[in-house]
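The values are calculated or read from the model by the stated rules, or taken from the named source; none is laboratory data. Predicted model, so just to flag it, every value in this text is computed and none were measured. Here Cβ is always computed from backbone atoms with ideal geometry, including for glycine, and neighbour counts include all displayed protein chains.
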Amino acid sequence: MNRTAALLALAAVLGAVAVALGAWAAHGLEAAYGARAVSLVETAVRYQLWHALAIMAALGLHRIAGRQVAALVRAAQLFALGMILFCGALYILAFGGPRWLGAVAPIGGLGMITGWLMLAWGAVKAFKDPQSRG
């Protein structure tokens, strides 16, 4: 499996996990862990779903660009890493994990922000000179 296929598969799995956790948050999480846990999980699910789609968009743009633009794959990688760190930290906090893991969330957030900037740069680079694509 190549890197692009692996990232697409990861995005799909992370999307499915987000839907499952979102359903649990809506139907029983509060009784087990409280309202704060629901809030943390809902935030994590929202970011996870959007960034799973962002991975797919970055890789789709990479595919249709007609040439290899490493920045687009790098954007997808940053989205994945950022999502795992940010959302993972929120999930762990929601389920009673050590509070120091809250310090990991901003690192993940920075990864996602950097992913968006890399996506912008890659998109400009991919379509800067349409004559040279192919």
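Details
- Yes/no for Glu30 being among the acidic types (Asp, Glu) and either touching a residue at least 12 places away in the same chain (Cβ under 8 Å) or crowded, with 18+ Cβ neighbours inside 10 Å (or both): no
- Flag if Gly60 is surrounded by fewer than 19 Cβ atoms within 10 Å (Cβ to Cβ) and assigned to a loop (DSSP other than H, G, I, E, B): no
- Here Gly96 fulfils each of the conditions (1) in a helix (DSSP H, G or I); (2) within 22 Å of Ala25 (Cβ to Cβ); (3) at pLDDT below 95; (4) among the small types (Gly, Ala, Ser) apart from (1).
- Qualifying residue in region 20-41 (condition: of a type in the set (A, V, I, L, M), within 13 Å of the chain's Cα centre (by Cα) and assigned to a helix (DSSP H, G or I)): no
- Filter result (touching a helix residue (DSSP H, G or I) at 6+ places or on another chain (Cβ under 6 Å) and among the aromatic types (Phe, Trp, Tyr)) within region 50-109: Phe79, Phe86, Tyr91
- Test set (1) over 19 Å from Ala5 (Cβ atoms); (2) surrounded by 13 or more Cβ atoms within 10 Å (Cβ to Cβ) - His51 fails condition number: (1)
- Remark: pairs (first residue in region 1-12, free of Cβ contacts under 8 Å to residues at least 40 places away in the same chain and farther than 13 Å from Arg63 by Cα; second residue in a loop (DSSP other than H, G, I, E, B) and aliphatic (A, V, I, L, M); Cβ separation under 8 Å; 6+ apart in sequence or on different chains) = Ala9/Met1.
- Selection count, region 71-106, where residues are in contact (Cβ under 8 Å) with a residue 24 or more places away in the chain and loosely packed, with under 14 Cβ neighbours inside 10 Å: 2
- Cβ-Cβ contacts under 9 Å between residues 6 or more apart (or on different chains), taken from a first residue in region 43-66 that is over 15 Å from Ala80 (Cβ atoms) to a second residue that is among the β-branched types (Val, Ile, Thr) and outside any helix (DSSP H, G or I), are listed as Leu61/Val69.
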